[in-house]
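Every read-out reported here was derived from the displayed coordinates using simple, explicitly stated rules and does not represent laboratory data. What you see is a predicted model, and the numbers here were worked out from it, not measured in a lab. Here the Cβ is made from the backbone with ideal geometry for all residues, glycine too, and neighbour counts use every protein chain on show.
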Amino acid sequence: MSRRRVAVLVVLAVALAGAGLAWWWLREDPERATDLVRRVLPPPHTRREAILERHPEAMGLAAAVLEPVAGSRVRGTATFADLGEGRGVRIDVQLRGLSPGLHGLHLHDGSCDAQDAPDWDPDGGRRHAAPQVEAAHAGDLGNVVADPAGSVTVTLHSNRFGVGLGRASVIGLSLAVHADADDMVTQPHGSAGPPVACGRVTNR
Ligand SMILES: [Cu+2]
Ligand SMILES: [Zn+2]
């Protein structure tokens, strides 16, 4: 092989490696985004702020950073963006470290430390059900599906609450992902087992 051909091959290999590295660096990853924010922005920096940084267009925005519960290795993030004008709330959820398959996702009325916080039911007297059922708890977000690697990236939508002040705001609730599938029938929690990750929904 001529020297020139070798040089071209080397340049190509370096370019390919560079592109791969750039993709790895820039792909959606809350923790890496935080690292970027940490270097670019003045303190304080948290993962939540990294998320808020990424969605400056959204007014009425809240986020939850889900931390492992009871020795699990599940963590993740969720953002709640009020779409305004009665268009409901968009919920972007990213999780990892789950077992593959279905996991119940609920908004709980109480802190993540509470052992038996009920599903959020601001209207009172509702029952546990699928999110599309009219009589369901406002906190019933159904199931998320973890891929074979245990990760979830999903966008959900709800018309049952807002992101702001008032009784029907998600701010101050806790978002919990459960060990098992939510059967959306069993009371009061859908037989979804204990939470494996939980985070408080906050806008600050
Ligand atoms: Cu729950
Ligand atoms: Zn429920």
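Principal axes first, then extents: for the Cα atoms of region 71-204, list largest minus smallest coordinate on each axis, whole Å, largest first.
Taking max minus min along each principal axis of the Cα atoms, region 71-204 gives 38, 29, 27 Å.
Taking region 158-199 on its own, what percent of its Cα-Cα pair distances exceed 12 Å?
It works out to 66 percent of all Cα pairs.
Taking neighbour counts of Cβ atoms within 10 Å as a proxy for exposure, in what order, fewest first, do Ile91, Ile171 appear?
Ascending Cβ contact count within 10 Å gives the list Ile171, Ile91.
Rank these for me by crowding, Glu134, Glu67, going from fewest to most other beta carbons within 10 Å.
Glu134, Glu67
Compare the peptides 175-185, 2-12 by average per-residue count of other Cβ atoms within 10 angstrom and give them in order, highest first.
Top of the packing list down: 175-185, 2-12.
Once you have the Cα-Cα distance between Gln187 and Ala168, take 0.36 nm times their residue separation minus that, and quote the gain in nm to one decimal.
Net length gain for the segment: 4.6 nm.
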